[in-house]
Amino acid sequence: MKKVMMAVIGVAGMVGVSAHAQSVAQNSLSLTQANALASAAVQACMAKNYQVSVTVVDRAGVVKAVQRTDNAGPHTLKASEMKAFTALSTKNASGKVMESAQSNAGAQNLRDIPGLLLLAGGLPVKEGDDVIGAIGIGGAPGGHLDEACAQQAIDSLKKS
């Protein structure tokens, strides 16, 4: 019995060591980057007179920054968050996810996943090939216009 207990303790110790050896270091969007993205997106949209909400999430889908213009509709806030989450979760533009769901019978159930919004306006934010966060915009007169503002904000972050 004593040998069995020692074997169990030995195996438990090895599991603890191997779990520690498997930890992963990942980059994520910083608060500074999130705030810069949100501000750049609002500026891009306001330059076109679009009243929008902007949400930026980190790689875990946690909201890092939110901005809403003075006259944006109340629905735009949740829409922007869901577009950002969709882009992050799928590592793809939310508009492309929408197109896939419309044209591919196997992807149509994506619309039923809680938290996803299949409308254009959400883009993943990448560092190299890694998705480190996402931005979502709601409120422009068309998702493609939300997406254009988001892309402009991402491009401005890359320049700085």
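The values are calculated or read from the model by the stated rules, or taken from the named source; none is laboratory data. Not measured: the values here are computed from a predicted model. Counting neighbours? That spans all protein chains shown, and the Cβs are built from the backbone with ideal geometry, glycine included. The protein model used for the area step is the full one, side chains on, heavy atoms only, and it has no ligands, DNA or RNA in it. Shrake-Rupley method; radii C 1.70, N 1.55, O 1.52, S 1.80 Å.
For Ser28, are the conditions met, namely being of a type in the set (Gly, Ala, Ser) and farther than 21 Å from Asp130 by Cβ?
Working: of a type in the set (Gly, Ala, Ser): yes; farther than 21 Å from Asp130 by Cβ: no.
No, not satisfied.
From Asp70, Asp129, grab the single residue that is closer than 29 Å to Gln26 by Cα and charged (D, E, K, R).
On the way: Asp70 fails: closer than 29 Å to Gln26 by Cα.
The match here is Asp129.
The set of residues from segment 19-49 being surrounded by fewer than 21 Cβ atoms within 10 Å (Cβ to Cβ) and either of a type in the set (Phe, Trp, Tyr) or not in a loop (DSSP other than H, G, I, E, B) (or both) comprises Ala19, His20, Ala21, Leu31, Thr32, Gln33, Asn35, Ala36, Ser39, Gln43, Met46. Ser94 passes every criterion in (1) modelled with pLDDT under 95; (2) buried (at least 21 other Cβ atoms within 10 Å of the Cβ); (3) of a type outside the set (Phe, Trp, Tyr) apart from (1).
For every residue, the table says whether it meets (1) at pLDDT below 95; (2) open to solvent by 10 Å² or more (accessible area, probe 1.4 Å); (3) not small (Gly, Ala, Ser).
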site	(1), (2), (3)
Thr76	no, no, yes
Glu99	yes, yes, yes
Ser103	yes, yes, no
Asn109	yes, yes, yes
Leu119	no, yes, yes
Pro124	no, yes, yes
Ile137	no, no, yes
Ala148	no, yes, no
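In segment 123-146, the residues that are more than 17 Å from Ala65 (Cα to Cα) and touching a residue at least 24 places away in the same chain (Cβ under 8 Å) reach residues that are among the acidic types (Asp, Glu) and open to solvent by 10 Å² or more (accessible area, probe 1.4 Å) with C-beta atoms within less than 9 angstrom, at least six apart or across chains, in these pairs: Ala140/Glu147. If you go through segment 50-68 and keep only what is part of a loop (DSSP other than H, G, I, E, B), in contact with a Gly (Cβ under 8 Å, 6 or more places away or on another chain) and aliphatic (A, V, I, L, M), you end up with just Val52. Taken together, Ala60, Ala87 contain a single residue that is within 17 Å of Leu145 (Cα to Cα) and hydrophobic (A, V, I, L, M, F, W, C), which is Ala87.
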